[in-house]
Structure formats: C-alpha cells, structure tokens
Amino acid sequence: MREKLQDYIPVHAVSQVLSLLDHDNLVVKVKRERKTRHGDYMKLPNGKHQITVNSNLNQYRFLITLIHEIAHFETYKNYGVSIKPHGKEWKRTFQHIMLSFLNPEIFPEHLLPLLARHFKNPRASSDTDVELAHALKQFDAPSDKTYIFEIPEGRIFKLYNGRVFKKGGKRIKRFECVEVKTGRLYLFNPNAEVELLNIN
C-alpha cells in the first residue's frame, strides 16, 4: 500500500495517511476514472469497509478525496448509520483529519488559503467550490476539457456522454444550458468540465 500511495499523493503526506488507514477492516482501492465521482466509501456485506479513489486525479485532489472518504469511515465508526452522509458529524470529522495536512510541505502555498476557507464548512464535493476546483485543476494533466464558466454564452459544448448543449445565461450560481437535441433546459455548476465544440 505504501508504494502505491506514493504514486498518487504528496510524498510528505504518505506516513500520515498510512496511519489513518491502519485498520484491519479497511480496504483502499484505486479505480479507473469514473465521470460521476472522484471516490466513494461503503461498508461491504462481509463487514469490511472499502474506500475507492479515481486514479486520474492529480496528487492534491487525490489526497483531498482520500481524506474525504476516510472521514466517512471514521464518522461511521463513531456515529453509526443514522446520520446524514455529509452532515455536521462528517463535516467535523473531515475538518479534524484534514487540519494536519494543511501545511506547505504537502500543499503549494497558494492553495492553502483556499483550502482553509473551504474547510471552514466542507461540502459534499470540493468541485462545488468553484475557486478551489479551478485552482486544483492547474495541476491536472493537459486535456481538451474546459469549465462551463470559461465558455462564452451561446457557444455549443459536449458532455462526456455525448450530449450536446448550448450555454445560456447565469441563474444565481449556475448556468442555464439548453440541450440541442431536445430543447430542454438544464442547470450546470460553473466548474462542470465539458468539451467546447467549434460550432455555433
């Protein structure tokens, strides 16, 4: 496990993470990219607990996702199943575990203020924190994907599943986009990753 983790998270976080994972009934698996999630946690039928994290995440997003899922495990151990998945107990646990990782040996200094602000009230997904998600994206491998908020209004874009949309205006925090094929209106988070098409 140590050798595998060193491939995915900042080197100065490895020993700390291994101590968090030192539990006989906890299994961590690195998975191929899943479009709808970065990671997940579940209690298995055999009584063991499993955390999965996508292999395509950059080292900082991988670490945040791993700690997010470890917090689910710790919350389950301490509070059982009768609480909300991302309720106050999980938030407190996530904050507590993450605090010792928020230092310049592990994260670049310019990320630390964004992370500190995010962890005052962590959300179900760091992707919904637009500024943090954009800052973390700078460490991703190059791709042809872009964020919705970077696309000019009226331009056409495609999702990973092939559906094509036209970007509309902003409604409070999200963007109204019309599916070209059906004419139906959908709301997109500003940092949804899409492929910009060269058609109008």
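Read-outs: derived from the displayed coordinates by stated rules, not from any lab. Note that this is a predicted model, so its numbers are computed, not measured. All Cβ positions, even for glycine, are placed from backbone atoms using ideal geometry, and neighbour counts span all protein chains on display.
Hey, can you tell me all the residues within the stretch 137-157 that are of a type in the set (S, T, N, Q) and in a strand (DSSP E or B)? Don't jump to the end; show me each part of the working.
Our first condition is that a residue be of a type in the set (S, T, N, Q); within the stretch 137-157, this holds for 138, 143, 146.
Residue satisfying the conditions is T146 alone.
Of all residues in the stretch 90-120, those being among the acidic types (D, E) and crowded, with 18+ Cβ neighbours inside 10 Å number 0.
Of all the strands (runs of 3 or more DSSP E) wholly in the stretch 1-112, which have at least 2 residues that are free of Cβ contacts under 8 Å to residues at least 40 places away in the same chain and within 17 Å of D127 (Cα to Cα)? Steps first, please.
Details: elements: 26-31, 39-43, 49-54.
The qualifying strands (runs of 3 or more DSSP E) are 39-43.
Among the residues of the stretch 158-200, which ones are buried (at least 16 other Cβ atoms within 10 Å of the Cβ), out of contact with any strand residue (DSSP E or B) (no Cβ under 6 Å at 6 or more places or on another chain) and part of a strand (DSSP E or B)? If the condition is that a residue be buried (at least 16 other Cβ atoms within 10 Å of the Cβ), out of contact with any strand residue (DSSP E or B) (no Cβ under 6 Å at 6 or more places or on another chain) and part of a strand (DSSP E or B), then E193 is the only one that fits.
Residues in the stretch 134-157 that are aliphatic (A, V, I, L, M) and in contact (Cβ under 8 Å) with a residue 60 or more places away in the chain were compared, and the one that is surrounded by the fewest Cβ atoms within 10 Å (Cβ to Cβ) is A141.
Listed here are the residues, each with its yes/no results for (1) over 19 Å from the mean Cα position of the chain (by Cα); (2) over 30 Å from A71 (Cα atoms).
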| residue | (1), (2) |
| --- | --- |
| N121 | no, no |
| D127 | no, no |
| S143 | no, yes |
| Y147 | no, no |
| G154 | yes, yes |
| K166 | yes, yes |
| R171 | yes, yes |
